[in-house]
Amino acid sequence: MDLFGLTLGLPFAPIRGLIRLAELIEEQVELETRSPAGVRRRLEEIEEARRAGLMTEEEEKEAVTRILGQMTAPDGERG
């Protein structure tokens with residue numbers, strides 16, 4: 001990159017850094033969402049909340065369905 005390009009691009013370096021940080025966070029979320037260990041931990045947390053009376057049986061079923069759906073959904077179709 002020449003001096004002119006560097007001079008014009010330098011003010012945008014923090015923005016590029018922020019974008020890269022967001023991409024890394026997104027990758028980590030993807031890993032947590034689909035990893036068997038992460039899914040298992042979340043399911044155990046739901047089970048504990050149900051035992052403690054913090055959620056109803058219906059809420060537990062909905063949460064489990066949502067987690068399993070996120071794990072098996074194709075890329076880009078999660079919400």
Cβ pairs under 9 Å, 6+ apart, first in the range 56-75 and on the phi < 0 side of the Ramachandran plot and in contact (Cβ under 8 Å) with a residue 24 or more places away in the chain, second exposed (fewer than 13 other Cβ atoms within 10 Å of the Cβ) and part of a loop (DSSP other than H, G, I, E, B): GLN70/GLY79; MET71/SER35
Among the residues of the range 11-52, how many are part of a loop (DSSP other than H, G, I, E, B), of a type in the set (A, V, I, L, M, F, W, C) and closer than 17 Å to GLN70 by Cα? 0
Looking at the range 44-54, can you tell me whether even one residue there is touching a residue at least 12 places away in the same chain (Cβ under 8 Å) and not polar (S, T, N, Q)? yes
Write out, first by first residue and then by second, each pair whose Cβ atoms fall under 9 Å of each other, whose residues are 6+ apart or on separate chains, and whose first residue, in the range 1-28, is modelled with pLDDT under 90 while the second is loosely packed, with under 10 Cβ neighbours inside 10 Å and not in a helix (DSSP H, G or I). GLY9/MET1
Do you know which residues across the range 14-47 are surrounded by 10 or more Cβ atoms within 10 Å (Cβ to Cβ) and more than 19 Å from the chain's Cα centre (by Cα)? ARG16, GLY17, GLU47
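The values are calculated or read from the model by the stated rules, or taken from the named source; none is laboratory data. Quick caveat, the model's predicted, so the values are computed rather than measured. Don't worry about glycine lacking a Cβ; one is built from the backbone with ideal geometry, like all the others, and counts go over all protein chains shown.
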